Each structure stands twice: as structure tokens, then as C-alpha cells.
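Q: To start, I am sharing the structure in question, which I have written as C-alpha cells.
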């Protein structure tokens, strides 16, 4: 019996989409959970901008604090 060798091709690197998130409204007067979500996103000051890779977890965070932030397409380089 001859066996065939299975050769796997190297996986292509997937580049994750990057989102630019800017805090545009003050978290004063919001719930503790909203403020904690902003800190987890890396946003501490108004007009501060961070770039994050687009993931389902990030989508959930942005749904929670969408009224406080502005979301744009990023440059493609995550910091």
C-alpha cells in the first residue's frame, strides 16, 4: 500500500480591521459599567483616540458606550 503525503499550505496572515475610537462625550453622569468599559477601551480623556482591532468583544463594548464615542475606520496599523 502506498500512502500519500498530505502537504499543508502555510496559512495566510489575516490582517484584522482596525477601528479608530474617539471619546467625544464626558462619562460624568453615566453608570459605573459605562465608565469601566471606556477604561477597558483605553479612553480616559475627551478627544483621546485609540485604535483597536475589530473583534466581537469590541463590538459589544461599542454597543454599550456608542453614545459617548465616535468610531471610524482606522489606518490599518494597530498600536
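Q: Those residues that are surrounded by 13 or more Cβ atoms within 10 Å (Cβ to Cβ) and closer than 18 Å to residue 35 by Cβ, I need them from the range 50-70; list them, please.
A: 50, 52, 58, 61, 62, 64, 65, 68, 69, 70
Q: Oh, and also: If a residue has to be loosely packed, with under 14 Cβ neighbours inside 10 Å and under 12 Å from the mean Cα position of the chain (by Cα) to count, how many in the range 29-49 make the cut?
A: 1
Q: Still on this model: I need every pair where a residue in the range 40-56 that is without any contact (Cβ under 8 Å) to a residue 40 or more places away in the chain and at positive phi has its Cβ under 9 Å from the Cβ of a residue that is assigned to a strand (DSSP E or B) and surrounded by 12 or more Cβ atoms within 10 Å (Cβ to Cβ), sequence separation at least 6 or different chains.
A: 42/21; 42/50; 42/52; 47/22; 47/23
Q: Residues of the range 1-41 being at pLDDT below 80 and under 25 Å from residue 51 (Cα atoms), which ones?
A: 12, 13, 14, 15, 16 - these are the residues of the range 1-41 that are at pLDDT below 80 and under 25 Å from residue 51 (Cα atoms).
The values are calculated or read from the model by the stated rules, or taken from the named source; none is laboratory data. Since this is a predicted model, take the numbers as computed values, not measurements. Quick reminder, even Gly has a Cβ in these numbers, built from the backbone with ideal geometry, and neighbours come from all protein chains shown.
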